[in-house]
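Structure first, commentary second.
Each reported figure results from applying straightforward, stated rules to the coordinates on display, with no laboratory input. Fair warning: this is a prediction, and the values are worked out from it, not measured in the lab. All Cβ positions, glycine included, derive from the backbone under ideal geometry; neighbour counts span all protein chains shown.
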Amino acid sequence: MAFDAEGLQDFIARGEKSPPPVFVGRKNVLADIEAVGGVMSNARGSDMHGVPGMTRIIHGAPGAGKSSVLAELVKRSAERDGAPGQARIVTFESNEILESLPDVIRTVSVAASLDQARWQRFLQRFLPRKLTLGPTGVSVDFTKAADGPAPGNLSDLARMYPRERWVAPVIVAVDEAQALPRSANDPHALFLRGIHNTVKGLPVGLVLAGLGDTRDTAHGMDLTRGTRIHEVGGLDAKESATLMRDFCRHFGMDPSGHEGCLDALAEPTEGWPRHLHFTMQALAEEALRREGDLVRVDWARVGNEAAESRTRYYSDQQSAEMEEADGLTATVMNQLKDGMKMSGVLRLIEENVRDRAGHRLPKGMDAEDFHTHLVHRGALQKRVDKTLHSPIPSFRSYLIHAGGVTARARPSELPEPSPFDDAADPFGT
């Protein structure tokens, strides 16, 4: 296999926000969302009022790979365009929904009505550029392809592009959806609820991708009927190993004989996609210095650089508010019991503020604000059953350590040993 030095340089230059060069896992999420297109395609007849239950929510902590899932959906949709039941995926950032809603609706009309040849030409022109810049696969640039006046709302879309004009179902995917205002009567909410409730009978579905309280955001917009929720978190050990090996092969480096070192690099990431990405970046830089020869790679150096990247990430995720209340943050994270509900976490916060000297809430926050802040920073994650847990054990350990608290022994919930204590060198150096 030929070593792809140019591709590796490009991967390094793009940094942590770029989609992964290879995609692993999330099969159930991809399959479920792709099946939505088939359901909508099969719903025929003039008496149809859309297909209920087609809204999907993908939620997870920062760095869980939500945007990568959307990017993979766009890629697979483009590759399979024209296949029976294949939906066209158009993705938007939440700020585009808020600031450019007419362009968003115009884009949906273009995706719905262009024939396959024209759609592929536009994909070839715009899709690669967008995927290098972020998760948005189809942008408002596509509005230039529309014929005639632009629909201004969902009613206009249904009138100007009735179902018989739709070449394929369309799925509108919104990234960073937790940032949408939780208001039911704003234009963005009316548009998304119109899709969710299928009020116009059009073959259009909705995916919201965001942080751990995205379901609460959806409920605030009155999207309450028929949603299905997918929580994304860490990859398992087998998936992490596959990712590291496929990463090497993707850039023309043979992983044979180096599996142990690759596994040792992946193990401290806990399968967390952002941390795996840091590890691949560190390996890419070292491999480039060694001209792709893994025999010459300094594996300990790669491991140390990856560890430093994880620590910088934890420091960035520990906001000024969490640092201001580091004692409270540490105590709450230490006392958190897996499976607590929001009410239990709020009691933890309030009791520690009341009973412990030096424990205070950040300025301007009450207990509920602080709980939400911990969710948005990735310290807490709400499961489908509404219980809370800490999705990244090593980040939890970092916060406990940063607040000067001694972690209680809880092997099922805390990593042993803590990555911030002395540990054996996995590379034997």
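If you plug the beta carbon distance of residue 289 and residue 237 into 1/(1 + (r/R0)^6) with R0 = 25 Å, you get a FRET efficiency near 0.30.
Amide H contacts for residue 92 (H built 1.01 Å from N in the peptide plane; partners 5 or more residues away or on another chain; cut-off under 5 Å): 173, 174, 175. The Rg/Rh ratio of the chain, with Rg taken over Cα atoms and Rh as the Kirkwood radius over Cα pairs, comes to 1.00. Relative to the dominant Cα principal axis of the chain, helix 101-113 is inclined by about 70°.
Helix 367-376 and the longest principal axis of the C-alpha atoms of the chain enclose an angle of approximately 80°. Which FRET efficiency value, to the nearest 0.05, is calculated for residue 224 and residue 14 with the Förster distance at 41 angstrom and r the Cβ-Cβ distance? My answer for the efficiency is 0.60.
If you run the Gaussian network model on the chain, springs between alpha carbon atoms under 10 Å, then out of 197, 334, 28 the most flexible one is 28.
For the chain, the longest principal axis of the Cα atoms and the long axis of helix 299-317 meet at an angle of about 70 degrees.
Taking each of 27/382; 27/386; 66/363; 75/238 in turn, the alpha-carbon distance tops 26 angstrom for 66/363.
Taking R0 as 30 Å, what FRET efficiency do you get between residue 124 and residue 298 from their Cβ-Cβ distance, rounded to the nearest 0.05? Computed FRET efficiency for residue 124 and residue 298: 0.15. Test of understanding: in a Gaussian network model of the chain with alpha carbons linked when under 10 Å, which of 326, 222, 369 would top the mean-square fluctuation ranking? In this elastic network of the chain, the residue with the biggest mean-square fluctuation among 326, 222, 369 is 369.
Only Lys, Arg, Asp and Glu carry charge here, each on its Cβ (+1 for the first two, -1 for the last two); on that basis the chain has a dipole of about 1500 debye about its Cα centre. Each label was represented as a point 7 Å from its Cα along the Cα-to-Cβ direction; for residue 31 and residue 343 these points are 3.7 nm apart. A crude spin-label estimate for the pair residue 83 and residue 311, with each label 7 Å from Cα along the Cβ direction, gives 4.6 nm. Where does the charge balance sit around residue 235 when Lys and Arg score +1, Asp and Glu -1, over other residues with C-beta under 14 Å from its C-beta? Spelling it out: positives minus negatives among the neighbours equals -2. The listed peptides 2-15, 174-187, ordered by packing as a protection proxy, come out as 174-187, 2-15 (highest mean of other Cβ atoms within 10 Å first). Here the stretch 107-123 is scanned for amide nitrogen atoms under 15 Å from the site 7 Å beyond the Cα of residue 156 along Cα-to-Cβ, giving 107-110. For the peptides 392-404, 302-314, residues were scored by their other Cβ atoms within 10 Å and the scores averaged per peptide; the highest-first order is 392-404, 302-314. Of the residues 250, 348, 183, the one whose Cα sits farthest towards the positive end of the charge dipole of the chain is 183 (charges of +1 on Lys and Arg Cβ, -1 on Asp and Glu Cβ, taken about the Cα centre). Extension gain, residue 199 to residue 406, is 69.0 nm, computed as 0.36 nm per intervening residue step minus the present C-alpha separation. The slack between residue 184 and residue 1, meaning 0.36 nm per residue of separation minus the straight C-alpha distance, is 60.4 nm. Under the criterion of Cα pairs below 8 Å and six or more residues apart, the relative contact order for the stretch 237-317 equals 29 percent. Within the chain, antiparallel bridges make up roughly 15 percent of the DSSP beta bridges whose residues both belong there. Put the Cα centre of the stretch 90-112 next to the Cα centre of the stretch 299-330 and the gap is 36 Å.
Computed packing ranks the peptides 97-105, 360-368 as 97-105, 360-368, most packed first, by mean other Cβ atoms within 10 Å. Dividing the summed -39500 (n - 2.57) terms of all DSSP H runs of n ≥ 4 by the residue count of the chain sets its mean residue ellipticity at 222 nm at -15000 deg cm²/dmol. Taking the stretch 237-317 on its own, what percent of its Cα-Cα pair distances exceed 17 Å? The share of Cα pairs beyond 17 Å in the stretch 237-317 comes to 39 percent. Taking a Cβ cut-off of under 12 Å around residue 4, the surrounding Lys, Arg, Asp and Glu residues balance to a net charge of -2, with basic ones at +1 and acidic ones at -1. Extending 7 Å from Cα along the Cβ direction at residue 324 and again at residue 115 yields two label points whose distance is 6.1 nm.
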